[in-house]
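In what follows, a single structure is set out as structure tokens and then discussed.
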Amino acid sequence: MSIRRLNLTLLAGCLMCTLSVTAADDLPAHHRDSGFGNPYAEKRNTNLFSVLRSRFFSDEWQRYDKERDQVPVTSPDLAAAPTDNATVTWIGHATVLVQHRGINVLTDPMFSNIASPISFLGPKRITQPAVALEDLPEIHAVVISHDHYDHLDTATIKALGNTPRYFVPLGVKRWFVNKGIAAERVDEMDWWDERRLEVDGEELVITATPSQHFSGRTLTDRNKTLWAAWSVAWTDFHTWFGGDTGYNPHQFKETAERLQQVDLGVIPIGAYKPRQMMGPIHVNPAEAVEIHKDLQARASMAIHWGAFILSAEGVLTPAEDLAIAREAAGLDEDTFAAWSVGETRHFPARTPATTAAR
Ligand code: ZN
Ligand code: ZN
């Protein structure tokens, strides 16, 4: 990568960060006069110099060229799951395909090469999506965590079109309608709002849950739309998708208290250095493990690493730090794994007895 390329990438990434200061205040509510806020976040230090220093002069950054080709990649297996098993495939970054009981759900679909409003400027993929858009099975539901470019992509949404039903945080529906998606295909939801989706007699319950992040796609729309995590619950399998989030000791415990047992947590582990800037909005792997524990999830999978380089840590550092944090927490690898891009795993659905237990 040329220095020019590095600088362009950096500037695009930092511009989004710098313009997105999320100041905590005394209000517990996430609704503010002019948009939304985080009830529990610390104020961020958005000193550009600290990012420049850690991005270009840290030991980890020197690892970039060596590691960019070392993200583990494998071929997905989208074939029908064994009976009563959910099939989960990491397509890459925050895009996960969950298939269960004939209902296919996609999280934050992002299949483009650059996460930026400008085609030649911004974070470029270092690993390709494991499944091409045209090879996806019919998608019945899409959940969107927030409007950042690495989570909400114009070309991808236009390609998915009006086939799925979209579940989006408050304020994001207008973007979909502007892209030509029918208004009746988009459910715009506040935290704890719940919707039901029926497909061929099988029902999905989708609930927007709190997360700690920020939003904005332009210089003038900072925090004008909401961000959210998503609970996606079949009758016998419950997955929780964290999207992009920082950590606080309240929101994920509340999620566990209010919702049924989480069978699979889908939790971000990347884009966390430098901590003084990224800490309030992106968990590090140790905090990701705290989310897993707060959720009381049966298992979790790691996302939001290995595709777009958005921050100062090394390409492989998130997976390495997750292994350290997992061991410190006494969890085995299968309980919270960093999968290969494209990896498919099966998860057993709960029996009626365990479903009724919570
Ligand atoms: Zn984001
Ligand atoms: Zn992100």
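The values are calculated or read from the model by the stated rules, or taken from the named source; none is laboratory data. Note that the coordinates shown come from a computational prediction; the quantities given were computed from them, not determined experimentally. Glycine also receives a Cβ, built like all others from the backbone with ideal geometry; neighbour counts cover every protein chain displayed. Note: areas computed on protein heavy atoms with side chains; ligands, DNA, RNA excluded. Shrake-Rupley method; radii C 1.70, N 1.55, O 1.52, S 1.80 Å.
Couple of notes before you dig in:
- Figure note: PHE252, PHE49 ranked by solvent-accessible area, largest first, 1.4 Å probe, ligands and nucleic acids not counted: PHE49, PHE252.
- Extending 7 Å from Cα along the Cβ direction at ILE324 and again at ASP221 yields two label points whose distance is 3.8 nm.
- Efficiency of FRET between ASP84 and LEU133 - r from beta-carbon atoms, R0 25 angstrom, step 0.05: 0.30
- Projected label distance in nm at LYS253 and ASN113, using a 7 Å step from Cα toward the beta-carbon: 4.7
- Gyration tensor (alpha-carbon) shape descriptor, region 78-224, a/c threshold 1.5: oblate
- Surface composition of region 3-356: carbon and sulfur atoms hold 51% of the protein heavy-atom accessible area at a 1.4 Å probe.
- Taking trypsin sites (Lys or Arg not before Pro) across region 150-195, the ones in a DSSP loop with at most 16 further Cβ atoms lying within 10 angstrom of their Cβ are LYS179.
- Anisotropy class of region 3-356 from Cα gyration tensor, a/c 1.5 cut: rounded
- In the context of the full set of protein chains, residues of region 3-356 present 40 Å² of accessible surface per residue (probe radius 1.4 Å, heavy atoms only).
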